[in-house]
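**Student:** Let me begin by handing over the structure; questions about it come next.
The values are calculated or read from the model by the stated rules, or taken from the named source; none is laboratory data. Given the structure is predicted, the values throughout are model-derived calculations rather than measurements. Cβ placement follows ideal geometry from the backbone for every residue including glycine, while neighbour counts extend to all protein chains displayed. The accessibility values were calculated without ligands, DNA or RNA, using every heavy atom of the protein model including side chains. Shrake-Rupley method; radii C 1.70, N 1.55, O 1.52, S 1.80 Å.
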Amino acid sequence: MSQRSLLITGGTVYTPYESVHEGYLIVEDGRIREIGKGNPSITRQSSQTLDANGKLVLPGFIDIHVNGGGGAITLEGTLDALRSVARAHVKFGTTAMLPAVISADDETMRRAVSAIAEAAEKGTGGSNVLGAHLEGPFLNPSRRGIHQKEFLRSPSMEYFDEIYDLARGRLRVIALAPELDNAISLTRHATRRGVVVSLAHSDADYQQTREAIDSGMKLCDHIFNAMPPLVHRAPGPVGAFLTSRDTYVEMIAD
């Protein structure tokens, strides 16, 4: 045992399979070693002990789409702003995140992506920044929502590569509308570079979405929002994602 164990007692411990009321949890070297009820296999004297005092004991949340928090937003493009965001979210159990960069002028987007890379490298004092979620500018103007039309552009591998380099290997997700010209080629290109491609702000139909999924698209940003609705004869992106294997969807939980 390379470091002292952490023993958490007195809470309801949630696992993927059950909840353990008045349970305990043992962590060693940053990994969960034991969950149970009753007497743990280590003593309070041999471990650091934390009394959960009736609270819920859960794994830290990983939020892959964070626009702001704590009075700051990602687009400010500074390390201080990102630290404010991260420190606000960690209070509610988010231990890691992907700050999102929405469509903006080129200078603002580049500054924001660079700041995310810096926050990932230097730390925040709050939630760990794992990388960037680029939500735009390759979106459909007809479904743009809050994204300003003048900042949208056609999918471009050259622009993607520039942003990828600015992120210093920390571009994790790129959102796009798969029905746009060059979107499928960009989906394949980004996937080859290890970036998750997500459908967002799209007017794609079911077949166009299926083609994107078959080309490597794995995620759907804020399902049901800024996309065609689910209709019995036109299932659209919603139907395509909810009936596909190995795909994932975000939901805005409000």
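**Student:** Placing +1 on the Cβ of each Lys and Arg and -1 on the Cβ of each Asp and Glu in the chain, which of T12, G23, C220 has its Cα farthest towards the positive end of the resulting dipole?
**Tutor:** Of the options given, the answer is G23.
**Student:** Gaussian network model of the chain, Cα springs within a sub-10 Å range: biggest mean-square fluctuation belongs to which of Y24, Y159, Y206?
**Tutor:** Maximum among the listed residues: Y24.
**Student:** Only bridges with both residues in the stretch 94-253 count here: give the DSSP antiparallel percent, nearest 5.
**Tutor:** So the antiparallel bridges amount to about 5 percent of the total.
**Student:** Go through the stretch 95-106 residue by residue and turn each phi into a ³J(HN,Hα) via Karplus (6.51, -1.76, 1.60, θ = phi - 60°); whole Hz please, and just put x for glycine and proline.
**Tutor:** Once rounded to whole Hz, the list reads 9, 8, 8, 10, x, 9, 10, 8, 4, 7, 5, 4.
**Student:** Tell me which chymotrypsin sites (Phe, Trp or Tyr not before Pro) from the stretch 52-143 have a DSSP coil assignment and no more than 13 other beta carbons within 10 Å of their own.
**Tutor:** F92
**Student:** Where the centre of each part is set by its Cα atoms, how far does the stretch 58-110 sit from the stretch 193-254, in angstrom?
**Tutor:** Cα centroid of the stretch 58-110 versus Cα centroid of the stretch 193-254: 24 Å apart.
**Student:** Still on this model: List the equivalent ellipsoid semi-axes of the stretch 35-152 in whole Å, largest first, each obtained as the square root of 5λ for an eigenvalue λ of the Cα gyration tensor.
**Tutor:** In descending order the semi-axes read 38, 15, 11 Å.
**Student:** With springs connecting C-alpha atoms under 10 Å apart, model the chain as a Gaussian network and identify which of I64, I184, I26 has the largest mean-square fluctuation.
**Tutor:** Evaluated over the chain, the most mobile residue of the options is I26.
**Student:** In a shell of Cβ-Cβ distance under 12 Å around K37, excluding K37 itself, what net charge do Lys and Arg (+1) and Asp and Glu (-1) give?
**Tutor:** Net charge in that neighbourhood comes out at -3.
**Student:** A further question on this structure: Would you work out the relative contact order for the chain, in percent, from Cα pairs under 8 angstrom that are 6 or more residues apart?
**Tutor:** 11
**Student:** Another question about this same structure. Calculated from the structure, percent of Cα pairs over 34 Å apart equals which of (i) 14; (ii) 29; (iii) 21?
**Tutor:** Answer by label: (ii).
**Student:** Got a number for carbon plus sulfur as a percent of the chain's accessible area, 1.4 Å probe?
**Tutor:** Here carbon and sulfur together make up 49 percent of the probe-accessible area.
**Student:** Taking a quarter of the surface of the convex hull around the Cα atoms of the stretch 1-65, what do you get in nm²?
**Tutor:** 5.2
**Student:** Considering the alpha-carbon set of the stretch 139-254 alone, what are its Rg and its Dmax in angstrom?
**Tutor:** Calculated on Cα positions, Rg and Dmax stand at 13.5, 44 Å.
**Student:** How much area per residue is accessible in the chain when the probe is 1.4 Å and only protein heavy atoms are counted (Å²)?
**Tutor:** 52
**Student:** Between A167, A177, A234, find the one with the highest GNM mean-square fluctuation for the chain; connect C-alpha pairs within less than 10 Å.
**Tutor:** Result for the chain, Cα springs under 10 Å: A234 fluctuates most.
**Student:** Once every DSSP H run of n ≥ 4 in the chain is given -39500 (n - 2.57) and the sum is divided by its residues, what mean residue ellipticity at 222 nm do you get, rounded to the nearest 500 deg cm²/dmol?
**Tutor:** The per-residue figure over the chain is -7500 deg cm²/dmol.
**Student:** Any idea how many Lys pairs in the chain come in under 29 angstrom at the alpha carbon, given 8 or more places apart or on separate chains?
**Tutor:** For the chain, the number of qualifying lysine pairs is 5.
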